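K.L.:
Here it is: the structure, laid out below.
Only the coordinates and a few stated rules stand behind these numbers; no lab work does. What you see is a predicted model; the values in this text were computed from it and never measured. Every residue, glycine among them, receives a Cβ derived from its backbone with ideal geometry; neighbour counts consider all protein chains shown.
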Amino acid sequence: MVRAYEQSMTGFAGTAGTTAFNATSNVLAGVVFPKLSKEKLPASIEYSLRFPAYQRTEFDLFSERFTFKPAWFTESIYPLFRLPGPRSRNPTGGFPGYFAEGFLYLQNAIESSITKSLLNPSQLKEYNEYNIKLQRFPYPTYTNDNFIFARVQAKGVHENDGPP
């Protein structure tokens, strides 16, 4: 399901205001620029994207029935259970949904706007000719056999179960 959002901006004095507004309003995300001044745009700009705590696109029957909402799991670098092969067969990356939730779109829009404002006219013309695409990171050859994976995992748990 695709949802349309009205494009508007509301300014806040700090992160707390952005977070509170984000929690009580139907917005795509908040953007925080912690070191931005009104005078001149610096060459290096830091920002944070503040999306709602729960994702809006990846719902299934289990989620709806038990009111479980998928979260971002930003505290985890790797999945809890590592299976052989790519983390997702989905061409857009799958869980946690950086593409589906609009994270990549917003990140690209901000980066593009910042870059365009820092370029001179001749550089801007060249920049506008670039075409940015999303492509998954290649994964090396692997065997897609869950039985072998389960056997290897079980053997690791019960190493002393074989003949001496």
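K.L.:
Over segment 15-161, what is the mean sequence separation of C-alpha contacts under 8 Å (at least six apart), divided by residue count, expressed as relative contact order in percent?
P.N.:
Relative CO of segment 15-161 lands at 18 percent.
K.L.:
Tally Lys and Arg at +1 and Asp and Glu at -1 over the other residues with C-beta under 13 Å from the C-beta of V31: what net charge comes out?
P.N.:
Its environment carries a net charge of -1.
K.L.:
Hey, another quick one. How far is it, in nm, from the label point at S88 to the one at S44 when both lie 7 Å from their Cα along the line to the Cβ?
P.N.:
3.1 nm
K.L.:
Counting only residues 5 or more places away or on other chains, whose amide H sits under 5 Å from the amide H of G30 once H atoms are built in the peptide plane?
P.N.:
Under 5 Å from the amide H of G30: R50, F51.
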